[in-house]
1. Using the 10 angstrom Cβ neighbour count as an exposure proxy, how do 95, 35 rank, fewest first?
2. Region 125-162 to region 59-91: how many Å between their Cα centroids?
3. Sorting 128, 32, 123 on the 10 Å Cβ count, fewest up front, what's the list?
4. Stretch residue 80-residue 54 to full length: gain in nm at 0.36 nm per residue minus the Cα-Cα span?
5. Measure off 7 Å from each Cα along the Cα-to-Cβ vector at residue 72 and residue 126, then give the distance between these two points in nanometres to one decimal.
6. What order do you get for 114, 98 when you list them from fewest to most C-beta neighbours inside 10 Å?
């Protein structure tokens, strides 16, 4: 009986270890981060990062709203160009590195160092990220989770990678 209990306890421990082995990001980094309330917020360009525990994610950005060529302000927000792409994030010491994730048959980009380098500030739950242009941007944590739509998109991309 003791042997059976011991085996069960060890098995449960091994299961929890194997379940967490794929988690490369700590819980305080997982979720939805953004420079605004949404990609359509305000009159400035916006950025968002969606991160899952295994480091897979998406990054998205929007331009400033377009202004009418005739200068008339009809009170409606102008359209924005929005782009999104898959990313892979890893925590290297205190720095979160977020890199573009290319499909496995895609030729490499000219500059393999296209990445965001982020530092987490626990006070206020903020990420301060710097891209290749050297301009810092601050993202606030909008959610501890990622929307189902984004998770489905990430799963489709992950299926193409392996």
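1. Values: 95 11, 35 21.
Result, fewest neighbours first: 95, 35.
2. Answer, in whole Å: 17.
3. Details: 128 13, 32 20, 123 5.
Result, fewest neighbours first: 123, 128, 32.
4. Working: separation 26, 0.36 × 26 = 9.36 nm, distance 3.08 nm.
Fully extending the segment from residue 80 to residue 54 adds 6.3 nm.
5. Spacing of the two 7 Å Cα→Cβ label points: 4.1 nm.
6. Numbers: 114 11, 98 22.
If I rank by nearby Cβ atoms, fewest first, I get 114, 98.
A short reminder: the numbers here are calculations on the coordinates, not readings from a lab. The shown structure was predicted, so the numbers you read here are calculated from the model rather than taken from an experiment. Positions of Cβ are backbone-derived with ideal geometry, glycine not excepted, and every protein chain shown enters the neighbour counts.
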